[in-house]
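Worksheet: the structure to be examined is printed underneath.
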Amino acid sequence: MSKARKYTYFPGCMIPYRLPHFELTMTEVLKKLGVELETTPDHSCCPEPTTFTGVDFEAWVTIAARNVAVSEAIGNDTMAMCSGCFHTLAVANHMVHEDEELKERINKRLKASGLEVTGSHEVKNVLHVLRNDIGLDAIEKIVTNPLKKLRIAPHYGCHLVRPLEATNMDHADDPQWMDEVIRATGAEIAEFENKMACCGAPIMPSGEDKAVTITSKHLKNIKASGADAIVVVCPTCYTQLETQQAKAEAISDSEFRIPVLYLGELLALSMGLTDLVTANQRRYHRVKITELLEKAGGAS
Amino acid sequence: MLGRFLIIDLLLNPDCQKQGFVSTMVTKGKVLILEFRNWLLDQPEGETLLRCYQYGRCTSACPVADIEPSFNPRLFLQKILLSDELIAEEQLVWNCLTCEQCEVHCPEMVKIPHILILAKVRGLMAGNVPAAALDRAKTIVSQGRSLPVSPPMLKTREKMGLPDLGTPPMDQIVAMLADIGIVSKLEKVESVYGGSEDE
């Protein structure tokens, strides 16, 4: 293995403190791929982009830019696993880059702590790291348990992908990068209608019925594709599609029972790290994944 | 005053809208009376509002409008163009998913979810903020996390062999936000919505 790639890992809140199996599986997968992650206690909540923005946008962009400035001072590229964190840091970074007045205003606030934001720092999601920095060939090479029997529906979620000028993703309506990483594990892609549909989560605090209706429409499309599982990157999408799946079933009077895996779990299954997934399956999966694990094979 | 009525007339006249007069004829200089609108135009990326010519693709692309006809992004933009500040107190604006389907399909790439975010910000002091959003904001400015970190969760992390992430330097962060005044604002605001955090 060539020399380790180093990133400043931005943990956020949802992954480390609600869904730590995300962090566990992805960290181990990245280790196998020669990636080293560093954390710092100086990072705070990104802050999350779905409600804090509407409370006080100026505070949101300032805290976000501060987090980017903390990373800048360390020097390595920043990698977030959470799409919300990634979106917040990438958007704030982009806004600072484009708006001199905003940059000046924020740097004035940062001055006392000796930090500075330039707008030129590299903010990446784990998907950028996997697909572009590490590359599909390197991933394929360490797959020991090709997931040939699985058909996977990739759910990208909105905040990972949009707006393109800040996220530097491949396409706003029809992104392919996660499809490619999933194929590298040997699994097949299950195509479904409205690939970039929103999971519904952002409006749970203001309109739960509407949120869950949107979730159920999305799950219906995925169910029709015959997918064995949905794979997500974002912890908020996971909560909506997985944890709240029963609510989506109730509101639409349907039965979905579609297992949802985090991308790190899927990769772990393909790389012989099955134990990491099985050890936590009951605690973090409400929709049973037992059949899926059997189909995936590779259990030790 | 004459200028004001002329502009509002232009904004309301469908023929003018179709021909794109609205985006070209309304300038910041001419609408000084329109306070809410001017405030919004001064915010980062707020000025993209002026590119809106009420085409309506935002509404046809919106997954919320699809199930709730009273949620109409095109009409929201029209109200904001007219500086109708009442929109800041409409609970409906909080039903925006921020999914950006509207922005992706807008021929002028108007930053629609962002403009609705600014409308929400404007409605904060009137209490137009879901209780869960307000609670979360308070947790963020007091603990530096969007959710309370529990001792059992710290144990779980330890068992999994995950690193101790420490605690964010809140004194430094709160001091940095002093000129924005968010801490005192959050203390004063009372949500007009019922209920509390439920995730």
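Here are some notes:
- In Hz, Karplus ³J(HN,Hα) per residue of region A:167-182 (6.51, -1.76, 1.60; θ = phi - 60°; x = Gly, Pro): 7, 6, 8, 7, 7, 7, 10, 9, x, 10, 4, 6, 3, 5, 5, 5
- Taking amide H atoms as placed 1.01 Å from N in the peptide plane, the amide H of A:E122 lies under 5 Å from those of A:T78, each 5 or more residues away in sequence or on another chain.
- Residue by residue, region A:60-77 carries 3J(HN,Hα) couplings of 4, 5, 6, 4, 4, 5, 4, 4, 5, 4, 4, 5, 4, 5, 7, x, 5, 4 Hz when phi is fed to the Karplus relation 6.51 cos²θ - 1.76 cosθ + 1.60 (θ = phi - 60°); x denotes Gly or Pro.
- Ranking of B:W39, A:W177 by count of other Cβ atoms within 10 Å, fewest first: B:W39, A:W177
- Think of the protein assembly as shown as having a plus end and a minus end, set by charges on the Cβ of Lys, Arg, Asp and Glu; of B:M170, A:W60, A:F256, A:F256 sits farthest toward the positive end of this dipole.
- Placing R0 at 56 angstrom, the Cβ-Cβ distance between B:D66 and A:E36 gives a FRET efficiency of 0.80 after rounding to 0.05.
- Signed unit charges on C-beta, dipole axis of the protein assembly as shown, positive-most listed residue B:A133, A:A229, A:A73: A:A229
- Calculated FRET value between A:S252 and A:E191, using beta carbons and R₀ = 30 Å, to 0.05: 0.85
- Residues considered: A:C234, A:C85, A:C198. Largest GNM mean-square fluctuation over chain A, using C-alpha springs under 10 Å, is found at A:C198.
- Rg [Å, one decimal], Dmax [Å, integer] - region A:228-296, C-alpha atoms: 12.1, 38
- Candidate lysines for bridging to A:K31, where Cα separation is under 29 Å - those fewer than 8 sequence places away on the same chain excluded: A:K3, A:K6, A:K124, A:K141, A:K148, A:K149, A:K288, A:K295, B:K155, B:K159
- Overall Cα dimensions of region A:73-163 - principal axes, largest extent first, Å: 56, 26, 19
- Our coupling estimate for region A:109-120, obtained by passing each phi through the Karplus curve with A = 6.51, B = -1.76, C = 1.60 and θ = phi - 60°, is 5, 7, 3, 4, 8, x, 9, 8, 10, 10, x, 10 Hz, Gly and Pro reported as x.
- Ranked A:S71, A:S206, B:S70, B:S60, criterion: other C-beta atoms within 10 Å, fewest first: B:S70, B:S60, A:S206, A:S71
- A straight chain from B:V174 to B:S150 at 0.36 nm per residue would run longer than the Cα-Cα distance by 6.4 nm.
- Cα-centre dipole for the protein assembly as shown with unit charges at Cβ (Lys and Arg positive, Asp and Glu negative), debye to 20: 600 debye
- Residues A:M26, A:M204, A:M196, sorted so that the one with the fewest Cβ neighbours within 10 Å comes first: A:M196, A:M204, A:M26
Read-outs throughout are calculated quantities, based only on the coordinates presented, and are distinct from any laboratory measurement. This structure is a prediction, so every number in the text was calculated from the model and none was measured. Here Cβ is always computed from backbone atoms with ideal geometry, including for glycine, and neighbour counts include all displayed protein chains.
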